[in-house]
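Trainee: Quick one: the structure is below, questions incoming.
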Amino acid sequence: MTEQSYNQALVALAQAGLADLAARNANPGSIKTPAAESHFLCNWMVQSLKERRFSKLVAEDLTRWIREGRSKGAGAQLPQLLQRIENQYLPAMENAEVGQSLLALIADLEAQGWLVILDCEVSGKLRLDSDGQNSLVISVEQYEQHLVEGKLIKSITLYMRADEQLIAQHAVKHALLLSQGDKKASCIKHHKAYRLYPGNRLPALALLKA
């Protein structure tokens, strides 16, 4: 039996949670407020973690969401979180042309007036004088060696400066799973580092569109 990938395990969790929530809500006597639904899913996640219902690959995610559910209540928006995962991950997992999608994303950003730099080596700490303009930088070494003939053969780092939800929207549009933005890992001031993997096989939760 083939072991589940992180993406498969995450989608299995999200779909199971949404299905059990829908079954609970189908009961005429159930309370269908955001607080009640979040409380149900928080308890469902606790039980799922305790029973090891899902792959250990998503154990950290479950633990974090349980903590958020307990501290924020309805503010954790657990139903919406699971729906966003399903909506975003399914098209991305079916995307067999991640390299072409990345090229389309780059062309899209250029067309929208972003400053796009693909011919500069990124090493050490750099500063880009863009006057606050949205920008994307990919090290020339990675761009030329990790993206070969339109195919992404190794993970690639995108240094981006823009509103994070705008970045998420572009990723969803092109069926790409980008890592969460990491400011500490970025070599360019005012930019965050986002990782993209071949086959969209990101090993942790992607940046999600709200």
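The values are calculated or read from the model by the stated rules, or taken from the named source; none is laboratory data. Because the structure is predicted, anything quoted here is derived from the model rather than measured. Heads up, the Cβs are rebuilt from the backbone with ideal geometry, glycines too, and the neighbour counts pull from every protein chain shown. These accessible areas exclude ligands, DNA and RNA; they are computed on the full protein's heavy atoms, side chains included. Shrake-Rupley method; radii C 1.70, N 1.55, O 1.52, S 1.80 Å.
Trainee: Under a 10 Å cutoff between Cα atoms, tell me which one of A59, A175, A92 has the largest fluctuation in the Gaussian network model of the chain.
Mentor: A59
Trainee: I'd like the accessible area for L147, computed on protein heavy atoms only with a 1.4 Å probe and all protein chains in place. Round to 10 Å², please.
Mentor: The accessible area of L147 comes to roughly 20 Å².
Trainee: Please give the FRET efficiency for Q100 paired with Q4, using the beta carbon to beta carbon distance and R0 = 22 Å, rounded to the nearest 0.05. Numbers along the way, then the final one.
Mentor: Values: r = 26 Å, r/R0 = 1.20.
With a Förster radius of 22 Å, E is 0.25.
Trainee: Something else: Quick check: Cα centre of segment 97-111 to Cα centre of segment 169-190, how many Å?
Mentor: 14 Å
Trainee: Turning to a different aspect of this structure: Once you place label points 7 Å from the Cα toward the Cβ at C187 and R127, how far apart are they in nm?
Mentor: Rounded to a tenth, the inter-label distance reads 1.8 nm.
Trainee: Using a 1.4 Å probe on the protein heavy atoms, what percent of the accessible area of the chain belongs to carbon and sulfur? Walk me through the numbers on the way to the answer.
Mentor: Details: 5600 of 11220 Å².
In the chain, the share of accessible area belonging to carbon and sulfur is 50 percent.
Trainee: If the chain between A26 and Q145 were fully stretched, how many nm would it gain, using 0.36 nm times the residue separation less the Cα-Cα distance? Before the final figure, lay out each step's value.
Mentor: Numbers: separation 119, 0.36 × 119 = 42.84 nm, distance 5.26 nm.
Working it through step by step, the gained length comes to 37.6 nm.
Trainee: To continue, here is another question. List the residues, sorted by chain then number, that are 5 or more residues from S186 or on another chain and whose placed amide H is less than 5 Å from its amide H.
Mentor: A193
Trainee: Related question: Counting only DSSP beta bridges with both residues in the chain, what percent are antiparallel, rounded to the nearest 5? It would help to have the intermediate numbers written out before the result.
Mentor: Details: 12 of 17 bridges.
So the antiparallel bridges amount to about 70 percent of the total.
Trainee: Over the Cα atoms of the chain, Rg to Rh with Kirkwood Rh, two decimal places? Please list the in-between numbers first.
Mentor: Details: Rg = 19.2 Å, Rh = 18.6 Å.
Radius of gyration relative to Kirkwood radius: 1.03.
Trainee: Something else about it: In debye, nearest 20: dipole of the chain around its Cα centre with unit charges on the Cβ of K, R (+) and D, E (-)? Don't skip to the end; give the middle numbers.
Mentor: Numbers: 24 positive and 22 negative charges, 200 e Å.
Charge dipole, the chain, about its Cα centre: 960 debye, nearest 20.
Trainee: Mind checking which helices in the chain clear 20 Å along their axis (Cα) and have mean Kyte-Doolittle hydropathy of -1.0 or more, DSSP H runs only?
Mentor: Working: long enough: 6-25 (28 Å, 0.42); 34-51 (25 Å, -0.14); 78-94 (24 Å, -0.39).
Membrane-span-like by this criterion, though nothing is claimed about a membrane: 6-25, 34-51, 78-94.
Trainee: A further question follows. In whole Å, what is the distance between the alpha-carbon centres of segment 36-89 and segment 3-23?
Mentor: Their Cα centres are 10 Å away from one another.
Trainee: Then there's this: Length gain on complete extension for the stretch S55 to R67, per 0.36 nm per residue less the alpha carbon to alpha carbon distance? Display every interim value, and only then the final one.
Mentor: Working: separation 12, 0.36 × 12 = 4.32 nm, distance 1.89 nm.
Full extension of this stretch gives 2.4 nm more.
Trainee: Also, quick follow-up: At a 1.4 Å probe radius, which order do E149, E60 fall into by accessible area, largest first?
Mentor: Working: E149 175, E60 150 Å².
In descending accessible area the options line up as E149, E60.
Trainee: Calculated FRET efficiency, V46 and D119, Cβ-Cβ r, R0 45 Å, to nearest 0.05?
Mentor: Efficiency, from the Cβ-Cβ distance: 0.35.
Trainee: How much accessible area per residue does the chain have, counting only protein heavy atoms and a probe of 1.4 Å, in square angstrom? Don't skip to the answer; put the middle values down first.
Mentor: Numbers: 11220 Å² over 210 residues.
Using a 1.4 Å probe on heavy atoms only, each residue of the chain averages 53 Å².
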